[in-house]
Amino acid sequence: MKKIKLAVAAGSFCGGCDMSIINLNEMLIPIEEVIELVFWQVAADFKFEDVEALQDKEIDICLYHGPIRTSEHAEIAHLFRKKSKVMIAYGSCSCFGGIPQLANPYDAQTILDSVYTNGYNIDESGPNQNYMRPKSEYKKGRAMTLPKLLDSCLPLTSEVDVNYFVPGCPPVPTQWEMLVDIITNFIKKGELPPKGTVVAGETALCEECGREKPEEIVINRFRRPFEIDPDPEKCLLSQGIICMGPATRAGCGGQCTLGANMPCRGCFGPAPGVKDPGLKMLSAIASIGGAKIEAELGPEGLKKLMETIPDPFGTFYRFFTPEYIIKTKKKVAEEESSKK
Amino acid sequence: MSELLNPEPKVIAFLCKWCSSNAADLAGVSRMKYPANVITIVTPCSGRVDPTYIFDALAGGADGVIVAGCHPGECHYVTGNYKTLKRMVLVKELAAQMGIEDERIHLEWISSSEAKKFVKTMTEFIEKLKHLPPNPLRNNRVALEAKH
Amino acid sequence: MSQKKKTREPEEAKRLGVFVCHCGKNIAATVDVENIAKEATNLHGVVHAAESHYLCSEPGQKALQDDIKYHRLDGIICACCSPTLHEETFRKAAADVGINKYEVEIANIREKCSWVHSDKEKATVKAMKIIETKVEKALLNEALTPISVDVNRNAMVVGAGITGIQAALDLANSGYHVYLVEQSPTIGGHMAQLTSTFPTLDCSQCILSPKMSEIAHHDNVELITNAKLTSVTGFVGNFKAQITKKPKFVIEELCNLCDDCVEVCPVIVPNEFEGGLGPRKAIYLPFPQAVPSAYILDIENCLGIHPLVCSKCRDACEQKAINYDMKEEIVELNVGAIVIATGYDLYDISKISEYDFGPEVDVIDGLQFERLLNSAGPTGGAVLRPSDHKKPETVVFVQCVGSRDPEHHMAYCSKICCTYTGKHALLLKDQEPETEVYVFYIDIRAAGRGYEEFIDRAQEMGVIYIRGKPSKIFREGDKTIIWAANTLTGERLEVEADLVVLAPAMIPSFDTKILSGVTKCNLDEYGFFKEAHVKLKPVESLVQGLFVAGTALSPKDIPECVAQGSAAASKAMALLSKPQLYHDPIVAIVNEKACSGCKVCQSLCPYGAISFDSVKNISVVKEILCQGCGTCASACPSLALTLKNQTDKQIENMIRIALKTEAK
Ligand SMILES: Cc1cc2nc3c(=O)[nH]c(=O)nc-3n(C[C@H](O)[C@H](O)[C@H](O)COP(=O)(O)OP(=O)(O)OC[C@H]3O[C@@H](n4cnc5c(N)ncnc54)[C@H](O)[C@@H]3O)c2cc1C
Ligand code: SF4
Ligand code: SF4
Ligand code: SF4
Ligand code: SF4
Ligand code: SF4
Ligand code: FES
């Protein structure tokens, strides 16, 4: 049997996705024999030069994890797209932007300022007395270049065409069972699932979670997970904790809700059919806030209740970059590059 | 007032069929005048206005979005406008976090007899938008200095 | 025709027509109608566009219909005046030639365009945009048919005070079958306890008992007493009500009111009908005019319905009417409409720690005083102190007990206490002119025909009105002391009274909260049932087919209760008079596959139209109850709920087209 060539490439990664592959252990046995690893820097000292030397589409499957945060990540994405038949966005970052996309309301300048100039511990006496900051190009002595921090942090689709998506922060073994199926099918029959397939559940997380729900869900007081010790049997929403379950795709097995008694933050991305889980959850949460005592609370009271929800962007878009931001940011980037 | 930054702003107004849409009709019957920059979309209740629509409009090129409904306690469907009110609090906060001036999103209670208020709301809103730069999302440019 | 539509792919082959109206010069003066009609033909989905001088005129409509037929249109957009004026006109015209009325859209280019703008160029651009948005909507409109359901023509009235009695009689006399459900053993409610009623002072029993006996003998009324409404399922026109009947242990049909059982019963307890001021036995008749007129055995106080323990009454009953084996019974009723008339109770005075209260300290409430005044009452109508049966020389009345006290008790005014206290003082003075009578009040509120005059009369007869609320009422020896301040003169007062009569706040009857849960009818902030609209729908509730009347809604007097009872009955009749209910099909609908069962929507519908199917783990919209507001659809986080012909896709397309920059 012909071996298939597999690459694992990365953008702005935290290492979690790599760990999720390493942790698979014996699960990889059925495909170990048939796989030839051509790139995975966590596993061995692979070089980009070697990849560049490959024929176009010589790699069969590339798993790309991490978002596009720097110019280098974009380059890597383009390189692997060119060399791979199937490009898979692996992990929430690569699928939707992930945790790093929380920086999207800020441009690179602001981010650098806040780290190197305005940071809490930065002053004359502190570690960065001279307010130094990294430069993309360094010319004194030996010239050096560093990748440029982009103004945005976007999912893989913002740069290249993606065949499949494996969401999760990081993905879980059940998704690997599905992936292994896909790979074996490909090897044996040459068949691939339709483009755009999301390798995860086909419903919203609530269905998979199945915590007990009261007759109706209203929240008269919003609570952050640390404020109470939630009843492990009952739906977290019904306990006043914002849980993204209803708008999030199933497939994680309720890792947070069932496994850790913590609310879902939405790492599996939008449930099937949902376009913008952030705004949908925002609307749902606003709707059930004080739903039975609206007249009593009155406009002012309702406003106050809503203001107890801190950080709407971070709450509702923790892992998912909304489409309008993607478009906007891309446009900015294009303008910038056309100026040069 | 400040500089004229956007002489022809585009506005989408979501009007509740029972109140503000009637106020708009009454403004017409009374031959009041307001700028033609606004396209209205009538919904059964302000509660039908999904926050998604507001961002759809902003991303689609609107410089501002108005949602108008019945006064609190007067919603034809009793509590629809309270839902709107609550959603708008979060929508505005979210917009501000993303660097979209929250003044671009405006909620107003306009009963069916308040034609004057309708005209005033539209006129002043459009006037205000003229003095803001074109919507960052419209130009596909999120303001780069979001607040800390 | 609707079949044809169902098989067609919605967006693909739809043939739309656009009709732009000049409205004389009303539109044409500011909008270039001709040009618009021309351009409209280029819009996606539009196969025909025309202009008309007056689209709403006979010839205008005729031309519209001809075009619909000739061009085989599936849907039309009329660009004209406001839909409030002619939407129905054009829907009808279109329906006559085979277009589903929900495929007709109005683009309002008059009130929302030509009349409010003066720049012709801008107005024309805007008018075109308005039309384009409506074309986008029309492309995805679905042909719909009104929803219809059968109506069960029986009614149920819960609570048989004067309000419920009136409602039941009105319904029964109009030919509807009525189930009248009352929790106590007899009907009549509080009115049966009153002596005479203001402002005319006619005897309460005399005007009430004819109505009670009419109920007892009416062919259309099925009276169910000693029973509670324990569950309601179904919906308007088709309610299923479950009634739980407590056993009476006396067979109504056999009991001939001989009173033999009462004589032998060894148990004596305070009689609640007399406000506890008189005694009754464990087997008793609530009061002589009680309906149904039958004895009842009070199981709580009976020594034991075991032959070994007592069973004296059973042995005494020659009719063999006493049956110790009666069990609780559950009855299922199918009704189309429900009237709730469960009345009021008095505020619990023990919550007012500054006031001593109870017959032993000669401090009683208004209802107890009604019994003292009543010639059929425990004292035969003589006002005597409950503690020692002496004639009181000084009697003090206190109004607003627990009312108008937002900090500690109820915030609202109980509305009738001023007047009935005036009545009490007047009747007392009438009986014993020598008695010193004081009334403590905050304000006198006696609005209504003949009410103010009534208070004046009491004052003329020597009743002393003092503005101020007692700060303390307590017993000292055989007197009851009242401390108060006269807020008009500022002086402090201490009155030694022989009898004190309090006017406690009227509060929702004890079962109201449970009943609200059973019926899904909302309560207001004080726990009274809440009407659908205070001004315009005073006896309707948000639960369709469920009406509320009388003091169950708020404190009121008998005339108002009667008026509301009749109003609720006539609203119910309006519903029951039709064999079928028709309902607008613009309703919410759940996509079963997408619904995550998150239950976010469950609390959102003000009409209770959304329920949960726990087997399928999804939400379900009861179409007949949905009013089409769309609030739930915009809240559903899983994108499972949508509103027909107002879908996300339609609105998003409208937004997109409204903002599209002109290609020119
Ligand atoms: C001291 C006093 C004096 C008054 N004097 C006058 C006067 O002179 N003139 C005047 O116009 N008004 C007077 N009123 C007011 C009058 O009593 C009320 O307006 C009237 O009786 C209210 O009638 P209703 O049918 O609404 O309520 P209610 O009389 O309270 O009747 C309600 C009925 O519903 C039943 N019920 C309760 N819960 C349930 C349940 N869950 N299931 C089934 N049945 C239930 C109760 O048992 C009761 O029979 C006086 C009130 C007081 C307190
Ligand atoms: S805890 Fe979260 S995921 Fe689980 S049922 Fe509740 S809302 Fe859904
Ligand atoms: S519960 Fe939510 S946040 Fe947690 S792993 Fe699952 S999808 Fe991710
Ligand atoms: S349809 Fe409306 S716009 Fe046309 S003529 Fe009649 S009133 Fe005028
Ligand atoms: S809100 Fe939507 S997903 Fe949640 S239960 Fe209701 S219909 Fe289902
Ligand atoms: S559309 Fe409105 S009335 Fe209909 S089910 Fe939803 S919330 Fe209830
Ligand atoms: S009906 Fe106007 S806001 Fe609800």
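The values are calculated or read from the model by the stated rules, or taken from the named source; none is laboratory data. Fair warning: this is a prediction, and the values are worked out from it, not measured in the lab. Every residue, glycine as well, gets a Cβ built from its backbone with ideal geometry; the counts of neighbours run over all protein chains shown. The area values use the complete protein model at the heavy-atom level, side chains included, leaving out ligands, DNA and RNA. Shrake-Rupley method; radii C 1.70, N 1.55, O 1.52, S 1.80 Å.
Run the reach check for residue C:469 against lysines, Cα to Cα strictly under 23 Å, same-chain hits fewer than 8 apart removed. What comes back?
Within the straight-line limit of under 23 Å, residue C:469 reaches these lysines: C:351, C:415, C:423, C:429, C:479, C:556.
Over the whole of A:195-204, what's the average partner chain Cβ count within 10 Å per residue? Rounded to a whole number, please.
For peptide A:195-204, the averaged partner shielding equals 2.
Straight distance only, please: which lysines reach the Cα of residue A:189 with their own Cα at less than 18 Å, same-chain residues fewer than 8 apart left out?
Partners within reach: A:2, A:3, A:5, A:85.
For the ranges B:70-78, C:406-414, C:18-26, what's the packing order if you count other beta-carbon atoms within 10 Å of each residue, average per peptide, and put the highest first?
C:18-26, B:70-78, C:406-414
Could you tell me what fraction of 2.2 N^0.38 Å the Cα radius of gyration of chain C comes to, as a two-decimal ratio?
Cα-based Rg divided by the globular estimate yields 1.29.
How much length would be gained if the chain were fully extended between residue C:218 and residue C:491, taking 0.36 nm per residue of separation minus their Cα-Cα distance, in nm to one decimal?
Working it through step by step, the gained length comes to 92.4 nm.
Need one number: nm distance between label points at residue C:570 and residue B:131, each 7 Å from Cα along Cα→Cβ, rounded to one decimal.
5.6 nm
For residue C:18, which sequence-distant residues (separation of 5 or more, or a different chain) have an amide H within less than 5 Å of its own amide H, given hydrogens modelled in the peptide plane?
Long-range HN contacts for residue C:18: C:48, C:49, C:50, C:77.
Select from chain A the helices, each a whole stretch of DSSP H, whose alpha-carbon atoms run 15 Å or more along the helix axis and whose Kyte-Doolittle mean is at least -1.0; answer none if there are none.
Membrane-span-like by this rule: A:71-83, A:173-189, A:277-288, A:294-307.
Got a sec to turn the phi values of the range C:402-412 into Karplus ³J(HN,Hα) couplings, 6.51 cos²θ - 1.76 cosθ + 1.60 with θ = phi - 60°, whole Hz, x for Gly and Pro?
The phi angles translate into x, 9, 6, 9, x, 6, 10, 10, 9, 7, 8 Hz.
What's the average, rounded to a whole number, of partner chain beta-carbon atoms within 10 Å of each residue's beta-carbon in A:25-34?
If you average over the peptide's residues, the count of other-chain Cβ atoms is 0.
Determine ³J(HN,Hα), in whole Hz, for all residues of the range C:375-381 in sequence, where each value follows from phi through the Karplus function 6.51 cos²θ - 1.76 cosθ + 1.60 and θ = phi - 60°; x replaces Gly and Pro.
Couplings: 5, 8, x, x, 10, x, x Hz.
Under the rule of -39500 (n - 2.57) per DSSP H run of 4 or more residues, summed and divided by the residues of chain C, what mean residue ellipticity at 222 nm is obtained, to the nearest 500 deg cm²/dmol?
After summing the helix terms and dividing by residue count, I get -8000 deg cm²/dmol.
At 25 °C and 0.890 mPa s, grab the translational diffusion coefficient of the range A:137-268 from Stokes-Einstein with a Kirkwood Rh over Cα pairs, rounded to a whole number in µm² per second.
137 µm²/s
Would you work out the charge dipole size for the range C:14-146 about its Cα centre, treating the Cβ of every Lys and Arg as +1 and the Cβ of every Asp and Glu as -1, and quote it to the nearest 20 debye?
Roughly 80 debye for the range C:14-146.
Once you put a point 7 Å from the Cα of residue A:27 and another 7 Å from the Cα of residue B:30, both along the Cβ direction, what distance in nm separates them?
6.7 nm
What is the sum of charges, Lys and Arg at +1 and Asp and Glu at -1, for the other residues whose Cβ falls under 15 Å from the Cβ of residue C:360?
Charge balance near residue C:360 sits at -3.
Where only protein heavy atoms count, and the probe is 1.4 Å, what is the accessible area per residue for the range C:557-663 in Å²?
Using a 1.4 Å probe on heavy atoms only, each residue of the range C:557-663 averages 38 Å².
Determine, for each peptide in C:187-199, C:114-126, A:28-40, the mean count of other beta carbons within 10 angstrom over its residues, then list the peptides with the highest first.
C:187-199, C:114-126, A:28-40
Sum -39500 (n - 2.57) across every DSSP H segment of at least 4 residues in chain B, then divide by the residue count to get the 222 nm mean residue ellipticity, nearest 500.
-11500 deg cm²/dmol
Work out, step by step, the length gained on full extension between residue C:408 and residue C:430: first 0.36 nm times the residue separation, then minus their alpha carbon distance; give nm to one decimal.
So the chain would gain 4.3 nm between residue C:408 and residue C:430.
Packing-wise, with mean Cβ within 10 Å as the measure, how do A:133-143, C:277-287 rank, highest first?
C:277-287, A:133-143
Normalized C-alpha radius of gyration of the range C:587-643, against 2.2 N^0.38 Å?
This ratio for the range C:587-643 stands at 0.95.
Mind checking the mean number of beta-carbon atoms from other chains within 10 Å of the Cβ atoms in A:289-299?
Counting other chains' Cβ atoms within 10 Å and averaging over A:289-299 gives 5.
In Å², nearest 100, what accessible area do chains A and B bury in total when the solvent probe is 1.4 Å?
So the buried area, both faces added, is about 3100 Å².
Which distance in Å, rounded to a whole number, links the C-alpha centroids of the range B:1-69 and the range A:207-252?
Result: 36 Å between the Cα centres.
What is the spin-label model distance, in nm, from residue A:336 to residue B:120 if the labels are put 7 Å beyond Cα along the C-beta direction?
Once both label points are built, they end up 4.5 nm from each other.
Which of the residue pairs A:330/C:599; C:211/C:535; A:275/C:134 have a Cα-Cα distance greater than 32 Å in the structure shown?
Pairs exceeding the cut-off: A:330/C:599.
Which far-off residues, 5 or more places away or on another chain, put their amide H under 5 Å from the one on residue A:289, with H placed in the peptide plane?
Under 5 Å from the amide H of residue A:289: A:219.
Among all the aspartates and glutamates, which ones have a C-alpha under 18 Å from residue B:86's C-alpha, if same-chain residues fewer than 8 places away are not counted?
By straight Cα distance, residue B:86 reaches A:294, A:296, A:300, A:307, A:311, B:50, B:74, B:102, B:103, B:108.
I'd like the FRET efficiency for residue C:71 and residue C:593, computed as 1/(1 + (r/R0)^6) with the beta carbon distance as r and R0 of 51 Å, rounded to 0.05.
The value I calculate is 0.85.
Rg and Dmax of chain B over Cα atoms: what are they, in angstrom?
15.0, 47
Using amide H atoms built in the peptide plane, which far-off residues or other-chain residues are under 5 Å from residue B:107 H to H?
B:67
Between the range B:85-123 and the range A:93-136, how far is it from one alpha carbon centroid to the other, in angstrom?
Value for the Cα centre distance between the two parts: 34 Å.
Between residue C:354 and residue C:390, take the C-beta separation as r, use R0 = 22 Å, and let me know the FRET efficiency to the nearest 0.05.
E between residue C:354 and residue C:390, to the nearest 0.05, is 0.30.
Over chain A, what is the mean sequence separation of C-alpha contacts under 8 Å (at least six apart), divided by residue count, expressed as relative contact order in percent?
16 percent
Which value, in debye to the nearest 20, gives the size of the charge dipole of the protein assembly as shown about its Cα centre, when Lys and Arg are +1 and Asp and Glu are -1 at the Cβ?
4220 debye
Between beta-carbons, use under 12 Å as the cut-off and find the net charge around residue C:382, counting Lys and Arg +1, Asp and Glu -1.
Local net charge: +3.
From the phi of every residue in the range C:563-569, what ³J(HN,Hα) in whole Hz does the Karplus formula 6.51 cos²θ - 1.76 cosθ + 1.60 yield, where θ is phi - 60° and glycine or proline is x?
My calculation for the range C:563-569 gives 4, 5, x, 5, 5, 5, 4 Hz in order.
So for the protein assembly as shown, what percent of the C-alpha to C-alpha distances run longer than 55 Å?
37 percent
In Å, what is the Rg of the alpha-carbon atoms in the range A:205-322, and how long is Dmax?
In Å, with Rg to one decimal and Dmax whole: 13.8, 40.
Considering the options B:32, B:68, B:137, tell which one lies farthest towards the positive end of the dipole of the range B:11-147, charges being +1 on Lys and Arg and -1 on Asp and Glu at the Cβ, about the Cα centre.
The listed residue farthest towards the positive side: B:32.
Taking 8 Å as the Cα distance limit and 6 or more residues as the minimum spacing, I'd like the relative contact order of chain C as a percentage.
Over chain C, the number comes to 13 percent.
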